[in-house]
Every structure is written in C-alpha cells, then in structure tokens.
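Scroll down for the structure; my scribbles are underneath it.
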Amino acid sequence: MVVALVVVSVGGCQWPRDANGTLDRVREGTIKVGVAHHSPWTIANDSRNPDQAPGGVETVLVQRLADSLGARVQWVPGGEAELMAALSERSLDLVVAGLDAESPWEQKVALTTDYLTTDMVVAIPAGAPTDIAGKRVLVREGSAEAALLSDEDATAVPVSEVPERPDGAAVLPNWLVNAAGLTDSGTHLSSTDHVMAVPPGENAWQSTVERFLLELDPDEVHRLLLDNHRAGA
Amino acid sequence: MAAIHDSFELPPEKAALHRRAVRLEWWTVAFFVVAITVLAAVLGQSQAMKAAWVEDILALAPPIAFLVADRYRNRPVDAEHPYGHHRSVAIAFLASALALLVLGGYILIESVLRLVQGERPPIGLIDILGHTMWLGWPMIAVLLVTMVPAILLGRAKTKLAAQLHDKVLYADAEMNRADWLTAGAAVLGIIGIGAGLWWADAVAAIIISADIVRDGLRTTRTAVADLMDRRPRTVTDNQPHPLPAQLTELALDQPWVTDAWIRLREEGHVFVGEMLVVPKPDTDDLVKRLERLSHQLRDADWRMHDIAVMPVLKIHR
C-alpha cells in the first residue's frame, strides 16, 4: 500500500532522486571523472602531457555516457585512494579505475552494479589435455594468480609479461584467450565483477550510470578490451 | 502429605495454552531463520538493511531463551537443586530483556553515528530477470513481507503471555513489536532516500530505536527485580500482584489465626514463599491446621507453588 501511494505521488517525476542534485547538474553540463591507471580498463595520461585525454575501455564508456547526457567530461587523473576520498566528498561525479565489486571502497563511496564479469583462466593450446595438474603454466610475476596456480597443482612459470601468443599453457583473462590462439582449459583462477564508483546518496545519478552500464553489450565491451589491449601493447 | 512440592504441573487449560506458546516460539525461530537468510541475499550496500539483519539475529534470542528454559523449568527437585528449576524462566527473561535493550541501543547508536557523519545511503538499480528496477522497491517489499508475521506472532504472544503469566513470552512479544516497528521505519527511510532525503533513514531509525531502548530498559529492570525477589507484579501492566494480600486475607479468615504475614517471590511463572501465622493460644491440632492452611493457600491460585507455613508467637513488624 505504501509502495502504491508513493508510486502514485511521484508518478512521472524523477525517482529515485539525488540528495545533492548531481544528475541535474551534469546533464548538459560537465561530468568530473576521476581516472586511476588500470590498463586496459583505464590508461591514465602522461603527467607531462596533462591535456591529453586518458584512454582505456572505461574512458570510452564514460565518454559515451556523457554524450548521451549532452555533457562534457572533465578528466581528473590521480591515485585510486585520493580519487575515492574526493568522490566521497562529492568533489568528483564518477571514478573509473577498473574497479572490482569486492572493492573495500564500498564503505566510503557507492559502487555501481557490475557491467561485466571477467575471469582469469588457464588457457591451453587447442587439443591439449584440459587437466593442468603438473603442467608448466606461464603467469605474470607477482600476480595473485601465480599463488592460486599452486592450488591447482600446476607449476607456475613467472614471467614479467605473458607473451602475445604463448606456445604453451598460460594464465590470461577470458577475453584474451581466443586472440592468443589458445582455448579455455576450464580452470578459472579468479573472477572480477567490474564496476564504477559514484558519490554515495546521489541515487538518480547512480541509477543513470547503472542503466547505461546494464544496457551495454558484453561482446562489444570484449571488442573494446581487445582494441585497447592491442593499442597498449 | 507431600510437603515437598517436587514438581509443578500447569492446570489442564493452562497446559494447552503453554503448548500453543511453545509452538508459537518454534514458528518464531523458523520465521527469523528464513528472514535472516532472505535478507542476507538482498543486503546490498544499505546500512539500514544490514541493521535490519542484525535485528533479526537478535530477535532470535527471546524465543531460543524461552525454548531452552522450557526444557528446564519443570525438572523435579533433586539433591543439587533443592528449590527446583523454576528460576530458569527468570534467567531466560533476563536474557530476552537484555537482547531487547541491546537491539534498541545498537540501532540508536548506529543511527546517530550515521546522521552525525552525514552518511548518505546509496541505493541503485537491480536487474531482476531482465527487468531493471530501483533496488529500493524489492528492499521495501522484503521488509513489508517480514513485518506481517512479526505483527501476527507478537499479537498472539501478548495474549498468551498474560494468560500464562509468562514474562519471557511477553518480552518476546515486545521484541516482535520492536522488529516490525524498525522494519516500518526502514521502509520510510528507503522512501526518504528515494526522495533524495539522505537523513530520512537515520532519523526514522532514531525515533523507533529510542522507543525500543525505553522498552528494553523497563523489561531489564523488571527481570533484575524479579531475580532480586521483588514482590510479584502482573505481567502486562506491571502492577503489584493482588495474590499476597488475598492469601493473607485467607489466613486471617481462619478462626484460629490471630495474625498472619506473607512474603512471596516469583520464580519464573510460579510463586513461592513463606507465611508466618500467630495461632490463638491453646489451639488444638495445630500441626493439622497448619497443614490444611498450607493446602488451601496452594489451591488459591494456580501459580502458587510452594509455601512454608510457620507458627510463631508474635510477628514483629
């Protein structure tokens, strides 16, 4: 009954509303977006070259969101921690940093719904046995997956960068497996739900960002990832 | 001639009510276990929902205390426990009262902190089976659904508690009331958040929790007082119980009694105590008369369990 009353009384109006009117301000205005480097999601610009727009999948998405609102984007590069502090004080409207839904920032800022889930998988040459126990697997040195590999009884071979087309088993993000000429062994080491961050309590703005993210086509995001990966390489 | 009352049996109609109370408490436990599970699934980032979840966990304390005490309360007297096990009910009552107080205090402190720190609850969108909707709506739906059983259970328990003189049951009914009130406050808070009023959630919670704290303090005070052997009071309106006066009257009505004094305490749902009587000089068959009186006293009320009647020469008041 309460729900019905509210639906009737606010019918047609914006719902939910912002506590601080962010959506009304950024529409046809300027979105202040914090960017922390996290290739290929975000590629921050060179500090010696501050006028250059940052790159990466999420910056492309943000630009598209801004276009749909008739807004321009003001990029604010920085470290993740300082950007989050600025976001929680509403100095920024959005932060992109290849964030994970499990991020500890959840306490200070609002994380959007996840728009894509990526897995770190053990990729193997086509036709090779999928059982990786006892096999040598290339993995980026110092990554969490290097430790997770030992749980699978595989031998981790740490390398500074997994080559573009590995000639044996390697740990790769799932969207890169086919491009690397390998197949998914079925062993998924970790999973990341990708989100962006908005100021807490700006629920109309958050809903607008989330609606945009939910309408994204995952295949298209995968394409953007590959494009950015190649550009970054 | 059983002067040692080693066990207490409820009168048949009260026993039936008690069985209903036990069933109700099992339903309460089942309901809260389900509510805790469902809430855990939709918790999200909302502090208000997290508070509702903690409340539901605390709300398990009174029914569990009731059911545990129910196992012990009728155990017969043994060498280790010469006074029986009725006090287990008083302990359960204290546990329930404390749970209520902690619940209110927890929500109050948490809401004040949220308000002072200017915490703004984010509630975004959720995708349910391909339909995108504001997460606030399913949150409100879950809260409203959990309110209904809490209201019904609470009402049934309040009625039974008065009939059974059962304070644990009464404290649990208060807990159910606290639960649906906070859920109602959370609904208002979520609607407020949707309207862009970030403080609405905290303010609604503060008002409700202040009420629960008051309730919890009153109940805890009663529980402690009962353990201190305060004179019996009625369950629902907390007035001095009329029974001690009635029993004194009954003793004074005996032609051979010139003066009488009684003290009673509550041990859970039963009364125990002592009575001093001054018999007329040269009363014959005094032992028999005393025994008959003690039987009459016991039969005067179903809660009157154990009373020692002692003849004295004079009562010093």
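Read the figures in this text as sums done on the coordinates, not as results from a lab. Computed from a predicted structure; not experimentally measured. Here the Cβ is made from the backbone with ideal geometry for all residues, glycine too, and neighbour counts use every protein chain on show.
Helices assigned as whole DSSP H runs in chain B whose Cα atoms extend at least 27 Å along their own long axis and whose mean Kyte-Doolittle hydropathy is -1.0 or higher are found at B:12-42, B:87-116, B:136-164, B:167-194, B:200-227. Dividing the Cα radius of gyration of chain B by 2.2 N^0.38 Å, with N the residue count, gives 1.28.
The value of relative contact order for chain A, using C-alpha pairs under 8 Å at least six residues apart, is 26 percent. Here r is the Cβ-Cβ distance between B:GLU249 and B:VAL42 and R0 is 60 Å; the resulting FRET efficiency, rounded to 0.05, is 0.50. Rounded to the nearest 20 debye, the dipole magnitude of chain B is 280 debye, with +1 charges on Lys and Arg beta carbons, -1 on Asp and Glu beta carbons, and the Cα centre as origin. Taking 14 Å as the straight-line reach from the Cα of B:LYS280, the aspartates and glutamates in range (excluding those fewer than 8 positions away in the same chain) are B:ASP253, B:ASP259.
Working note: Debye formula, equal point scatterers on the alpha-carbon atoms of chain A, no solvent; log10 I(q)/I(0) at q = 0.11 Å⁻¹ is -0.64. What the pair-distance distribution of region A:118-192 shows, using all Cα-Cα distances binned every 10 Å from zero, is 22, 62, 15 percent. For region A:78-152, applying the loop criterion from DSSP together with a ceiling of 13 other beta carbons within 10 Å to the GluC sites (Glu not before Pro) yields A:GLU89, A:GLU102, A:GLU141. Once you sort the root eigenvalues of the Cα gyration tensor of region A:99-223 as a ≥ b ≥ c, which label holds: rounded (a/c under 1.5), prolate (a/b larger than b/c) or oblate (the other case)? Prolate, since a/c reaches 1.5 and a/b exceeds b/c.
Loop-located GluC sites (Glu not before Pro) across region B:67-166 with a Cβ neighbour count of 14 or fewer within 10 Å are B:GLU80, with loop assigned by DSSP. The rule of thumb for compact globular proteins, 2.2 N^0.38 Å, goes into the C-alpha radius of gyration of the protein assembly as shown 1.42 times. A simple charge model with +1 on the Cβ of Lys and Arg, -1 on the Cβ of Asp and Glu and nothing else charged puts the dipole of chain A at about 580 debye relative to its Cα centre. Projecting label points 7 angstrom from Cα along Cα→Cβ for B:ALA141 and B:ARG298 puts them 6.0 nm apart. Once the C-beta distance of B:LEU313 and B:VAL148 is scaled by a Förster radius of 60 Å, the resulting FRET efficiency is 0.40 to the nearest 0.05.
In this simple spin-label approximation, B:ASP284 and B:LYS159 carry label points 7 Å from Cα along the Cα→Cβ vector, and these lie 5.5 nm apart. Over chain B, DSSP H runs of length four or greater, each weighted -39,500 (n - 2.57), average out per residue to a 222 nm ellipticity of -21500 deg cm²/dmol. Across B:ASP226, B:ASP78, B:ASP282, mean-square fluctuation computed from a Gaussian network of chain B (C-alpha pairs under 10 Å connected) peaks at B:ASP282.
Straight-distance candidates among the lysines for linking to B:LYS14, with alpha-carbon spacing under 29 Å and chain neighbours fewer than 8 residues away dropped: B:LYS157, B:LYS159, B:LYS167. Between B:ARG221 and B:ALA15, the distance separating the two model label sites (each 7 Å from Cα on the Cα→Cβ line) works out to 3.9 nm. Look at the alpha carbon pairs under 8 Å that are at least 6 residues apart: their mean separation over the length of region A:118-192 gives a relative contact order of 51 percent.
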